[in-house]
Amino acid sequence: MMAGELALAALAILLASLLALVLSHFLPLLLKPKAPRGSFGWPLVGETLRFLAPHASNTLGGFLEDHCARYGRVFKSHLFCTPTVVSCDQDLNHFILQNEERLFQCSYPRPIHGILGKSSMLVVLGEDHKRLRNLALALVTSTKLKPSYLGDIEKIALHVVGSWRQQAAEGSKEDSGGGRVVAFCEEARKFAFSVIVKQVLGLSPEEPVTARILEDFLAFMKGLISFPLYIPGTPYAKAVQARERISSTVKGIIEERRSPGSCKKGDFLDVLLSSNELSDEEKVSFVLDSLLGGYETTSLLISMVVYFLGQSADDLDLVKREHDSIRSNKGKEESLTSEDYKKMEYTQHVINEALRCGNIVKFVHRKALKDVRYKEYLIPSGWKVLPVFSAVHLNPSLHGNAHHFQPCRWEGSSQGTSKRFTPFGGGPRLCPGSELAKVEAAFFLHHLVLNYSG
């Protein structure tokens, strides 16, 4: 009798829990009937799995195509365990980005905080974010066209590109063509990491500590896009542990720099250590943010540029001619300068088009701080809001032949961001290092097209 009563009680609790789950999932539909049209999917998971399903970067993917066709370019859904308004509309996206901290607030899922840390510029809010971003902007502005920075980029680009010839000579019998296959994405990552670790920590690629940071950083990156389950051995748990090890390494470098007789290297870390505005924890987080932004953004951009140029012989030829012209006016060993970068006009068109088609940042996470009415749309207070940049970049009504790579579309156009082109976000959270990624991509491309043919 006792066992039967326990079983009935357990069943009642289970049914009540399921009912509560279903009610909590669908209740917002009843309480906020004036929210945009859409669907919530299944309880708990909502439509998240379909939204995150992999697809080519120059397509919207099945989820967005289906929902935009059924509900329009602004619709409601249930994503990341939260009622959500998804915007594929350029004007609403712009409105959301420009009203940061007034009507909307950055709101990344909690597991992201666990990996990035509570002091990361990507997750902090209000004055804390403004303070960190102002420092980042100051560093970028002072670095961007500094001869030593440009020289470092070029040296590392020449080292990476030159290593392929050496590897080909050592392994010329590895394939029937007498050459060697290069995994380009890995080489782009190697280049990007070498540049950013030099600028941030003053470390060269051959130093043992650089290899140690890179190993931990790769584990960190894998966990950043993994299922957020903290169980020993999972990518997420390994990423959290890797972040702790990187933090420990950076703290060790900071202590070294603070020791008597330590020489200044003129890198980001020297500037950070001279600042009294940041705590040590914020300084370590700032270093990690810089490594993450410089590594991921630049390597993806270079990879996308090379991928799209590989599909377009005409554009590759135009880029090669531009760089041949720049090189013809310089001595054989003469380094590139800021003036040379300004002459890379078609290269900039290619970079912008790769950003538009490749969509490094597909969307960002925001939350409505109050009920917001915009045109005919009501965005309920507390709901997640996702401005989807890729949907604007690939909108045929804004970009002719939107799904085709056409760098010539940028001729005579502004090279900056606009409502219809937001590859690095916008508003107060516009990526502060976006211009550095473009400089590094252009310099790398210079030596690539002059040394290798398509």
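The values are calculated or read from the model by the stated rules, or taken from the named source; none is laboratory data. Treat the numbers as computed from the prediction; the structure is a model and nothing was measured. In this analysis, Cβ positions are derived from the backbone assuming ideal geometry, glycine residues included, and neighbour counts consider all displayed protein chains. Ligands, DNA and RNA are stripped out before the accessible areas are found, and what is left, the full protein with its side chains, is counted by its heavy atoms. Shrake-Rupley method; radii C 1.70, N 1.55, O 1.52, S 1.80 Å.
Here are the numbers for this structure:
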| read-out | value |
| --- | --- |
| Filtered residues of segment 148-163 (kept if open to solvent by 10 Å² or more (accessible area, probe 1.4 Å) and β-branched (V, I, T)) | I156 |
| Any hit, segment 94-109, residues being among the small types (G, A, S) and out of contact with any helix residue (DSSP H, G or I) (no Cβ under 8 Å at 6 or more places or on another chain) | yes |
| Residues of segment 32-56 satisfying the condition of being without any contact (Cβ under 8 Å) to a residue 60 or more places away in the chain, charged (D, E, K, R) and closer than 17 Å to S87 by Cβ | R37, E47 |
| Filter result for L318 (in a loop (DSSP other than H, G, I, E, B), open to solvent by 10 Å² or more (accessible area, probe 1.4 Å) and of a type in the set (A, V, I, L, M)) | no |
| Scope segment 268-292; condition modelled with pLDDT of 90 or more and among the acidic types (D, E); matching residues | D289 |
| Residue check for V392: out of contact with any strand residue (DSSP E or B) (no Cβ under 7 Å at 6 or more places or on another chain) and not polar (S, T, N, Q) | yes |
| Single residue of V392, V361 found to be out of contact with any Gly (no Cβ under 7 Å at 6 or more places or on another chain) and either among the aliphatic types (A, V, I, L, M) or open to solvent by less than 30 Å² (accessible area, probe 1.4 Å) (or both) | V392 |
| L122 being surrounded by 17 or more Cβ atoms within 10 Å (Cβ to Cβ) and touching a residue at least 40 places away in the same chain (Cβ under 8 Å) | yes |
| Filtered residue count, segment 52-75, keeping only those that are open to solvent by less than 30 Å² (accessible area, probe 1.4 Å), under 13 Å from S39 (Cβ atoms) and in contact with a strand residue (DSSP E or B) (Cβ under 6 Å, 6 or more places away or on another chain) | 2 |
| Single unsatisfied condition, G293 versus (1) under 27 Å from A157 (Cβ atoms); (2) not in a helix (DSSP H, G or I) | (2) |
| Residues satisfying the stated conditions in segment 219-237, i.e. in contact (Cβ under 8 Å) with a residue 12 or more places away in the chain and open to solvent by less than 80 Å² (accessible area, probe 1.4 Å) | A219, F220, M221, G223, L224, S226, P228, P235, Y236, A237 |
| Failed item in (1) at pLDDT 85 or above; (2) surrounded by fewer than 16 Cβ atoms within 10 Å (Cβ to Cβ), with K265 passing the rest | (1) |
| Residue within segment 409-416 that is at pLDDT below 90, surrounded by fewer than 20 Cβ atoms within 10 Å (Cβ to Cβ) and under 22 Å from F363 (Cα atoms) present | yes |
| Residues of segment 188-200 satisfying the condition of being within 16 Å of V161 (Cβ to Cβ) and open to solvent by 20 Å² or more (accessible area, probe 1.4 Å) | R189, K190 |
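Yes/no per residue for (1) in a helix (DSSP H, G or I); (2) under 23 Å from L292 (Cβ atoms); (3) in contact (Cβ under 8 Å) with a residue 60 or more places away in the chain; (4) open to solvent by 40 Å² or more (accessible area, probe 1.4 Å):
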{"site": "S77", "(1), (2), (3), (4)": "no, no, no, no"}
{"site": "V85", "(1), (2), (3), (4)": "no, no, yes, no"}
{"site": "L92", "(1), (2), (3), (4)": "yes, no, yes, no"}
{"site": "E127", "(1), (2), (3), (4)": "yes, yes, no, yes"}
